[in-house]
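The values are calculated or read from the model by the stated rules, or taken from the named source; none is laboratory data. Every value quoted in this text rests on a predicted model; they were computed, and no experiment measured them. No Cβ is skipped: glycine too gets one built from the backbone with ideal geometry, and neighbour counts run over all protein chains shown. We work out accessible area using only protein heavy atoms, side chains counted, and drop any ligands, DNA or RNA first. Shrake-Rupley method; radii C 1.70, N 1.55, O 1.52, S 1.80 Å.
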2 protein chains.
Amino acid sequence: MQDLSPQQTAQNGIDEAIVSSILSARIRPGTRLSENQLATLFDVSRTRVREAMMRLEARGIVNVSPRRGWFVVEPSADEAMTVYDARRVIEAGLLRTMDRLTETGRTILNAHLAEEKAAIAAGDRQRLTCLMGDFHIRIAELAGNAILVDILRDLTARTILISMLYQSDFHAMQSHLGHCHIVAAMELGDFPKAAALAVEHLDEVETGLDLTRRPDPLADLRRSLSLPPQTAASSSQASRKAKP
Amino acid sequence: MQDLSPQQTAQNGIDEAIVSSILSARIRPGTRLSENQLATLFDVSRTRVREAMMRLEARGIVNVSPRRGWFVVEPSADEAMTVYDARRVIEAGLLRTMDRLTETGRTILNAHLAEEKAAIAAGDRQRLTCLMGDFHIRIAELAGNAILVDILRDLTARTILISMLYQSDFHAMQSHLGHCHIVAAMELGDFPKAAALAVEHLDEVETGLDLTRRPDPLADLRRSLSLPPQTAASSSQASRKAKP
DNA sequence: GCGACAAATCTTGCATACAAGACGAGTAAG
DNA sequence: CTTACTCGTCTTGTATGCAAGATTTGTCGC
């Protein structure tokens, strides 16, 4: 859940370590996942790493470019829209099939909202990203359907990658309020309304994306050098050297 | 789509060959998938077969029993209910987000219904199973969401496995009529009603299952010997030898 | 200075080899 | 006749080795 080091993770923990890192926004989209490096990190042979990659590939988490390497997926604008679409369908469908909120469910959701609030107050953006994704997974867990939980977890991972690529600025408070409204509707037992609010919420988040932004191939290098993020001006003058 | 022989399938076609075989009910749940046999059949090394298995495992299609082998999943009664639940959520959510049926969509769906009718008339049960599953995938395709199509395809595969395990008798005509009603609602543009009908339809199919039936470990041998299917009586007297 | 070319290096793709464990047949003892 | 045990065979688990291709770096010619 929190910080799982390579060593303590069990046999097939490579998958979950990577997914978990994505869910907590510690791996950027497009990150190269070298078989050799992962093999040394987890102290296994390349074979096991490859098997983990195959599973992650089937889950839509990583990509392989033949003879070039494995990469964390970089969803295109189209794919991003598809992901949000799928989430709207599933989450709204989920809420609409629920008919009551158990007492423990109420407790869990409110505890989660409190955590979100705390993270906002602390300004812990990484933790916030993680929590914002987890909220939707919590709802699926409440519904008790393990299959949908898994599906939503993977979709959430992709969502986080998308937001790292296209999110211009993150309105944490707005998202948090969206979650609060959904929970409020659930507490009132008005699940169709909760479903509508969830759709609206996902719409809002999607609208907050700048899907016209081209992925910046220099992003990681830029970040390593502590340079400011890409702008229209910087991308056009990036080709020639700066003149003093 | 139809019969794809191992040879003509591309590099990673092992996955799709197996899924396709499940979708057309040519592989039973619990079937052992020997790495060596598959390697020989597809004329590749065990490595590639294993990689395919890893992907299928991530998709919930196969299971591995350590050091014993790979098996096509045998969903338990609980898992079966979970699968149907997930399908209700996704398919109802899908239909509810649609707002119009294009002309080509109408054509596709009606062509599909005609195929179902023909298969019923011909009594081609295997083809019918395939078509019954495909119907729901068609709808997802109409919505144009590739992610949901993939998810529904895998869920449909599991559904077919479930029906092979638990379906006492298959009311093809009833299912076909259910599909017709859904399409009718869609043609009228009443998608909430189509969603409700889809839920109802899946309920019907699920009700048609006998989820109390224990999976029969002798099923494949029984079938090979052309013995009648399992009954309560036969299962209780199976343990001791028959005395003349 | 600049562009093209070539070799070196690093990557994955795939097959094979060996080890560990499970299963079943056969056997011996009771 | 039944039961327990052991050995042989077959399965997957994992590592390693080699080949093919892509990228990058270094060099040469202009």
| Tell me, which residues of region B:73-97 get at least 30 Å² less accessible area when the other protein chains come in, versus the chain alone (1.4 Å probe)? | B:82, B:86, B:89, B:90, B:96
| What FRET efficiency, computed as 1/(1 + (r/R0)^6) with R0 = 25 Å and r the Cβ-Cβ distance, is obtained for residue B:177 and residue A:196, rounded to the nearest 0.05? | 0.20
| message | Can you give me the orientation-averaged projected area of the convex hull built on the Cα atoms of region B:8-74, in nm²? | response | 4.3
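Could you calculate the contour length gain from residue A:78 to residue A:125, that is, 0.36 nm times the residue separation minus the distance between their Cα atoms, to one decimal place in nm?
So the extension gain works out to 14.3 nm.
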| request: Note every residue of region B:27-56 with a reduction of at least 40 square angstrom in accessible area, all protein chains present versus the isolated chain, computed with a 1.4 Å probe, or write none. | output: B:51, B:54, B:55
| field | Computed over region A:77-207: relative contact order in percent, which uses C-alpha pairs under 8 Å that are six or more apart | value | 43
| note | So the A/B interface buries, both sides summed and with a 1.4 Å probe, an accessible area in Å² (nearest 100) of 1900
| query | Share of region A:63-154's accessible area from carbon and sulfur, percent, 1.4 Å? | reply | 48
| message | Please find, among residues of chain B, the one with the beta carbon closest to the rotation axis relating it to chain A, distance in whole Å. | response | B:93, 1
| request: For region B:118-195, just the Cα atoms, rotate onto the principal axes and tell me the three extents in Å, largest first. | output: 33, 26, 20
| said: I'd like the distance between the alpha-carbon centres of region B:61-121 and region B:149-215, rounded to an integer number of Å. | reply: 8
| request: Report which residues of region B:139-188 become buried by 50 Å² or more of accessible surface when going from the isolated chain to the complete set of protein chains (1.4 Å probe; DNA, RNA and ligands ignored). | output: B:145, B:147
| region A:104-173: chymotrypsin sites (Phe, Trp or Tyr not before Pro) falling in loop per DSSP and having at most 16 other Cβ within 10 Å | A:170
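Please compute the per residue accessible area over region B:77-207 with all protein chains in place, 1.4 Å probe, rounded to a whole number of Å².
Normalised by residue count, the accessible surface of region B:77-207 is 42 Å².
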